[in-house]
Each structure stands twice: as structure tokens, then as C-alpha cells.
Amino acid sequence: MNALVFVRQNAQAGRDSRAMGRRWLAKAQSLGAVAGLTGGILAALFGALFTAAGWFVSNESVRQWLSSRGTALLFLTIPLLIFGSYCLDWMEKDGSQGQSKSARCEDDDEKRL
């Protein structure tokens, strides 16, 4: 009798682990999208700010530091935005498995007539 109880619990745990894996994947996708898009925007803003600040600083070592950090942040902008948009596309692909009834392609409607 006790063995049946343990088998039943293991069967339910397998289902829960799949659901938990899907929830973890959904959280990772949304976290990646938020981090990529906000990181890309912030990298562009701070990169431009550091680069512009480097133009007005008279100390050569500080100017070099600001300029190099600003350039690195500006170069990180595009990859971060691409990563964020990739995560958004990944979320959309996983979320829309079936075709929506409200949004149809016009070609589908013409074929049915």
C-alpha cells in the first residue's frame, strides 16, 4: 500500500516539474526581453553621456576613461537590443501556438470563398 502512495506522488511530481520548467522558461524569456531592451536603451544613454562628458574634461586620464567606457557602452547597445527582441520573438512564438480568431490573414479568407 505504501508503494502505491509513493508511485502516485512521483507521477504528480513529473507533471509538476514540466509545468515548473515551462514557468521557468517563460520567466527567463520575459526577463531576457526586459534586460535586453532596457539594457540597450540605458547603454545608449550612458554611452552618449560618457562620451560627451569626455569631450569637456581637461584631465587626460579621466578623459580617456570616460571615452573608452562610453564607446564600449555604445557598442553594447545593438547586441542588447537584438537579444531583447529575440527574447520577445521567442515568447511570441511559444505563446501563439494556435491561430487567433480575431486576426486572420486575408489570403486565408480568399481561399475559403
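A few comments on the model shown:
- On full extension, the segment bounded by THR38 and MET20 gains 3.8 nm, given 0.36 nm per residue less the C-alpha separation.
- Sorting PHE50, PHE75, PHE56 from the fewest to the most surrounding beta carbons within 10 angstrom yields PHE56, PHE75, PHE50.
- Once both labels are positioned 7 Å from their Cα atoms along Cα-to-Cβ, the gap between LYS93 and SER61 label points is 4.9 nm.
Throughout, read-outs are computed from the coordinates displayed, never taken from laboratory work. The structure presented is a predicted model; accordingly, all values stated were derived computationally and were not measured. Note that we place each Cβ from the backbone using ideal geometry, even for glycine, and neighbour counts take in every protein chain shown.
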